Amino acid sequence: MQTRPMLYSINRPELGVDLPFYSSDEKRAKHVATRLRHMANVHWVDTRDIGGTGEPVHLPGSPLVLLDYSLMQAEHSSMLARRLIDGTPGVSLLAVGSLGNDKAGVVLAAMRAGVNEFLDIDAKDEDISELLARMNCEVRSPAATPAPAPRSRGRLVLLLGVRAGMGTSTLAAHLGSLASSEKSPAKSAPSDAAGVQVLLLDLGRPAGDAALYLSLPNEFHYENALKSARRIDATLISTAFSTHDGRLSVLSQTAGTLEKPADTAELPVLLDRLRLHFDLLLTDVGGLPVSEVPLPLLREADEIWLVVDQSIGAMMSLDAILRQLDARAMRDARLSLVVNRHDPNDGVTAAQIASRFNLPLLALLPERSRALRGSANQGQLLHQTSPRDSYVRALKGLLGRLQVADASTNERAWWKKLIDRKGR
């Protein structure tokens, strides 16, 4: 590989941080070097001099490399990123771009290519310096990278519809939207007054239904998040995750997929990262048999709400799911019953169902299928079109169960679960 390295020495030599910047645009390289002049010595590597089309690119050691993720360079940098990863195991890749003017697509491209972090060239000096220092520390001594300081962890609530068609995705979409509008009792600062940070993890069947009810695009999927679990941070969340009304974040499987949600070794990592950034993870796994629900979700859930209706099929499915949970030693105090589409004239009452299966009755939601279809056909949720509807009023009773506990309560749970996980 032949390159034309150029050093824009704008720094004091004692900084001792030399970083290659891969780009075909010399003007862009000068701009990056000037921007980082107080933090690093930037060398330009002209990517036009890197031969081959798909062969691995080998670099000495396990370096930290800057890649040009301006709009015109992103596609080429993504191809180069894959070649660097193939040719230099342990390479750390830092995308350099701008998050202004809705450039979320650039961040997605970088993350899908395997880039470790994204540096916003328009960020504050202290933020850029902190990122560079952390990345450089990880390159020099990866085993000594300090763990993040513990903080309150978001609650994980599973909505487990006992079979497809129980209205679980509709319930999840409405609850997520309403919960994200609530003010968390754990937050007191004025800047926190916007509400609880809520993520709707949409893994139910049919796939992508909750995102569909929220009229959201589905570009960054659960599968993408799993592959990039260790790179999940506030920047990636704000740029890649879909949001409803600017409040509720949503992460779905690819719409229409028939594949069960992947359960890889990265899922506990992903859950940990998400629970550090969100107060509440509301997870729709409606319609999935227990055998297809990723085990870490079942194991880590703070509460599991079983969603049923009054049909004989739902009763049989509920019995089967309870047996499966019992076989996994997961039929415990976290389980509660939500009876949806309740009609007092259907013969069996919600109280009778709860008594028959020895489950606490958490909520009774009235039959409002026609009203829910009507609002969905307008691209809205029912509380947006009819805030006084009986279904909406019934949901208000569930919101108290979704409130976020204070930090001191959650901190103990954080350490307990960390210890539990290490002991498995």
(request) Mind counting the residues in region 96-132 that are touching a residue at least 40 places away in the same chain (Cβ under 8 Å) and either open to solvent by 60 Å² or more (accessible area, probe 1.4 Å) or in contact with a Leu (Cβ under 6 Å, 6 or more places away or on another chain) (or both)? (result) 8
(message) Could you check region 339-358 and list, in sequence order, the residues that are surrounded by 17 or more Cβ atoms within 10 Å (Cβ to Cβ), of a type in the set (A, V, I, L, M) and over 31 Å from the mean Cα position of the chain (by Cα)?
(response) Ala350, Ile353, Ala354
(request) Using the structure shown, decide if Arg153 is surrounded by fewer than 17 Cβ atoms within 10 Å (Cβ to Cβ), among the charged types (D, E, K, R) and at pLDDT below 90. (result) no
(request) Report yes if some residue within region 78-88 is within 15 Å of Ile50 (Cβ to Cβ), assigned to a helix (DSSP H, G or I) and either in contact (Cβ under 8 Å) with a residue 40 or more places away in the chain or touching a Cys at 6+ places or on another chain (Cβ under 6 Å) (or both); otherwise report no. (result) yes
(request) Just need a number here: residues in region 365-424 that are modelled with pLDDT under 90, assigned to a helix (DSSP H, G or I) and in contact with a Pro (Cβ under 9 Å, 6 or more places away or on another chain). (result) 5
(message) Can you find a residue that is within 23 Å of Ser180 (Cα to Cα) and charged (D, E, K, R) anywhere in region 342-350?
(response) no
(request) Sort out which residues of region 199-230 are open to solvent by 10 Å² or more (accessible area, probe 1.4 Å), modelled with pLDDT of 85 or more and charged (D, E, K, R), and write them in order of number. (result) Arg205, Asp209, Glu223, Lys227
(message) When you check Val32 against the structure, is it modelled with pLDDT under 85, surrounded by 20 or more Cβ atoms within 10 Å (Cβ to Cβ) and part of a helix (DSSP H, G or I), yes or no?
(response) no
(message) Considering only region 231-241, I want to know if a residue exists there that is open to solvent by 30 Å² or more (accessible area, probe 1.4 Å), within 13 Å of Ala173 (Cα to Cα), out of contact with any Gly (no Cβ under 9 Å at 6 or more places or on another chain) and modelled with pLDDT under 90.
(response) no
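Filter the helices (runs of 4 or more DSSP H) completely within region 263-338 down to those with at least 2 residues that are free of Cβ contacts under 8 Å to residues at least 60 places away in the same chain, open to solvent by less than 50 Å² (accessible area, probe 1.4 Å) and among the hydrophobic types (A, V, I, L, M, F, W, C).
Values: elements: 267-277, 295-300, 312-327.
Ranges flagged: 267-277, 312-327.
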(message) Which count do you get for residues in region 44-61 that are open to solvent by 50 Å² or more (accessible area, probe 1.4 Å) and under 18 Å from Leu132 (Cβ atoms)?
(response) 1
(request) Might you let me know whether region 1-16 holds any residue that is at pLDDT 85 or above and part of a loop (DSSP other than H, G, I, E, B)? (result) no
(request) Considering each residue of region 99-136, count those that are modelled with pLDDT under 85 and part of a loop (DSSP other than H, G, I, E, B), and give that number. (result) 8
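The values are calculated or read from the model by the stated rules, or taken from the named source; none is laboratory data. Treat the numbers as computed from the prediction; the structure is a model and nothing was measured. Here the Cβ is made from the backbone with ideal geometry for all residues, glycine too, and neighbour counts use every protein chain on show. What goes into the accessible areas is simple: the full protein's heavy atoms, side chains included, and nothing from ligands, DNA or RNA. Shrake-Rupley method; radii C 1.70, N 1.55, O 1.52, S 1.80 Å.
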